[in-house]
Ligand SMILES: C[S@@+](CC[C@H](N)C(=O)[O-])C[C@H]1O[C@@H](n2cnc3c(N)ncnc32)[C@H](O)[C@@H]1O
């Protein structure tokens, strides 16, 4: 939804209300700077904090997240069903992002034209290659990328409703047979070893309770030399518990090599504008999505909106060592 996005509500104790739909923002505090994309070695944010703050001490900070019990594929199913009948949230997202919003794609996250372009540039896939879109949602970003690059696509999501919606949308992007969608978990895709030339995961990898296990799954599915491109929050402190201070040590623990990392331009501004629009149009949100989701969205907008900082959303490119470039 457009914002970010877990299709769940969460009370002050972190328990989920399945019936609620919340567009949860990437809940990290930003890195306090703005500017154009910079290569990883010049990043101005604090150096990796290894072995500090992690849930179990032995692992890099942010390696694990205590996922609330109610956050399930079925909970996402309910959210995808509820939002299918209204374009209100997409309309508000389009207004918030302005020219950066890829309308046709209808991302269920914070994907912009810049993000799509960066994935094309870094994934380096074309006809004859296979791209995997992990946590594909309703399929828009992966389908757009498959059409743009000529690669074939496999989308994976734990929401069967989202997978079905992706299948239905496929024909408007690519010829029959170029895209398929399967129900699977971030950490257990069911895809064969080395079967992907590139993997993309937009606004979702932080939802995995065991981030290193998920990154290992990405490594397993990638062919040697293949690249993994993902968007996520990154920050030292966070109002939400699924934040990661620094992705590099997690990638390294999973046997992936960080190749490039850059802040997503406009991320905080887009989200701040969208939160303002949610609050402005709360009556319509209540009418079209119901009071539960509306209340959760209002809480999110009021609590996270003021914490947003430039630079907190990042695009990361990692690589499975070995192999050759495509
Ligand atoms: C913010 S949405 C992003 C969807 C899509 N990548 C996009 O940008 O349009 C997050 C997605 O992650 C999926 N998801 C969350 N946890 C998952 C898990 N453990 N396994 C598979 N999918 C998961 C949800 O069902 C949802 O579709």
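What follows draws every value from the coordinates through simple rules; no lab data is involved. These numbers were taken from a predicted model, which means no experiment stands behind them. FYI the Cβ positions are ideal-geometry reconstructions off the backbone, even for glycines, and counts take in every protein chain you see.
Averaging Cα coordinates gives a centre for the range 138-161 and one for the range 84-112; these two points are 17 Å apart.
Under the classification rounded if a/c is under 1.5, otherwise prolate if a/b is larger than b/c and oblate if not, where does the range 146-190 fall, given a ≥ b ≥ c as square roots of the Cα gyration tensor eigenvalues? Write down the numbers at each step before the final one.
Numbers: a/c = 2.83, a/b = 1.57, b/c = 1.81.
Oblate shape, in that a/c is at least 1.5 and b/c is the bigger or equal ratio.
Taking only the alpha carbons of the range 143-296, we obtain Rg and Dmax values of 17.8, 51 Å in that order.
Distance between the pseudo-spin-label points of residue 148 and residue 257 (7 Å out from Cα toward the beta carbon): 2.6 nm.
Can you give the FRET efficiency for residue 178 and residue 324, using 1/(1 + (r/R0)^6), R0 = 22 Å, r = Cβ-Cβ distance, to the nearest 0.05? Don't jump to the answer; show the numbers that get you there.
Working: r = 24 Å, r/R0 = 1.10.
Working from the Cβ atoms, E equals 0.35.
Equivalent ellipsoid of the range 214-300: semi-axes from √(5λ) of the C-alpha gyration tensor, largest first, are 35, 15, 13 Å. Both numbers refer to the Cα atoms of the range 82-168; Rg and Dmax are 13.1, 38 Å. Across all Cα pairs in the range 108-226, the calculated P(r) in 5 Å bins from zero up to the longest distance comes to 2, 13, 24, 26, 23, 10, 2, 0 percent per bin.
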